[in-house]
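A short worksheet on the structure shown next.
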Amino acid sequence: MKADRIQVLVDARWPACPIASTRQLAATALDDRVLSAAVRSGIVVRLRRGAYVRRAYWNGLEPWDRDNVLIQADFESTCGLSCSGHVSAARLHECRVWGVGPLILVTTGYANSSKSAGTDVQTHRVDMPSSKRATRRLSAASADFAAPASRVVIEFDGSGKYTDYKPTDEVLLAERRRGNALVEAGWVVLRLEWKLLASPAEMRRRLLATMDQARVLPPGADTQKRPWPA
């Protein structure tokens, strides 16, 4: 089958999701024969056994976005039987992470080998009912980190937060509203720049000073609504 014909078939039949499993592709009539030819010709990238993306989509991703896609691909390769954990789960929930590599952390209810899971996957085996799996909870007063006992919220800022995703004026207005909601709920907000993570002593000094400030607030503020991690 010629490459141009394969490209037409892939473009016409690819599912709506960027990462597709073998089962999803088969449902759109992209069978093993076409899929194998697409991988050989470079039109489709095989990320995991049973998980694929189109080459054009893959090439357009930044390195950190590729890491996130690989986490999702691992989930697809297990037919949804694994559960992302630790920093891998944080990434899928669009939390900001710092100083982590591409290692994929998953929790499963079954035993598997590193050969079947992949050398970049670390598996934790535990019996975990679906009712116990963590879900992301959002509120108008969400935050990066919160210390309920001290009533302190930590927000990490960087220029990209205000310029890379939405118009700056919209982001600034949304940030002000969120900050006001936190303060009105009885929290002290500490804003730090990401680069401060490289200076732990200074970060500790500022955090302790903020915690001291929180201690002199009127009694009862700690009974206010707690923010959920963003």
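The values are calculated or read from the model by the stated rules, or taken from the named source; none is laboratory data. Since the model is a prediction, treat every value here as computed from it, not as a measurement. Positions of Cβ are backbone-derived with ideal geometry, glycine not excepted, and every protein chain shown enters the neighbour counts. Note: areas computed on protein heavy atoms with side chains; ligands, DNA, RNA excluded. Shrake-Rupley method; radii C 1.70, N 1.55, O 1.52, S 1.80 Å.
Details
- Filter result (in a helix (DSSP H, G or I), more than 14 Å from residue 145 (Cβ to Cβ) and modelled with pLDDT under 80) within region 181-204: 181, 183, 184
- Only a single criterion out of (1) over 30 Å from residue 194 (Cα atoms); (2) in contact (Cβ under 8 Å) with a residue 40 or more places away in the chain; (3) not in a helix (DSSP H, G or I) is not satisfied by residue 95, namely (1).
- Residue identified as modelled with pLDDT of 70 or more, of a type in the set (Phe, Trp, Tyr), open to solvent by less than 60 Å² (accessible area, probe 1.4 Å) and under 20 Å from the mean Cα position of the chain (by Cα) among 145, 156: 156
- Condition met for residue 8 (open to solvent by 60 Å² or more (accessible area, probe 1.4 Å) and β-branched (Val, Ile, Thr)): yes
- Residue ID - modelled with the lowest pLDDT, chosen from residues in region 98-111 that are within 15 Å of residue 75 (Cβ to Cβ) and open to solvent by less than 60 Å² (accessible area, probe 1.4 Å): 109
- Matching residues, region 52-77, being hydroxyl-bearing (Ser, Thr, Tyr) and crowded, with 21+ Cβ neighbours inside 10 Å: 52, 77
- Taken over region 29-55, residues that are within 22 Å of the chain's Cα centre (by Cα) and not charged (D, E, K, R) amount to 6.
- Cβ-Cβ contacts under 7 Å between residues 6 or more apart (or on different chains), taken from a first residue in region 1-25 that is under 15 Å from residue 73 (Cα atoms) to a second residue that is open to solvent by 60 Å² or more (accessible area, probe 1.4 Å), are listed as 15/24; 18/57; 19/72.
- Just one of the numbered conditions (1) at pLDDT 75 or above; (2) surrounded by 12 or more Cβ atoms within 10 Å (Cβ to Cβ) is not true of residue 176: (2).
- A count restricted to region 35-55 and to residues that are in contact with a Lys or Arg (Cβ under 8 Å, 6 or more places away or on another chain), in contact (Cβ under 8 Å) with a residue 24 or more places away in the chain and over 11 Å from residue 25 (Cβ atoms) stands at 1.
- Helices (runs of 4 or more DSSP H) wholly inside region 27-77 that include at least 3 residues being under 29 Å from residue 109 (Cβ atoms): 63-77
- No other residue among 91, 13, 48 is open to solvent by 50 Å² or more (accessible area, probe 1.4 Å) and basic (Lys, Arg) apart from 13.
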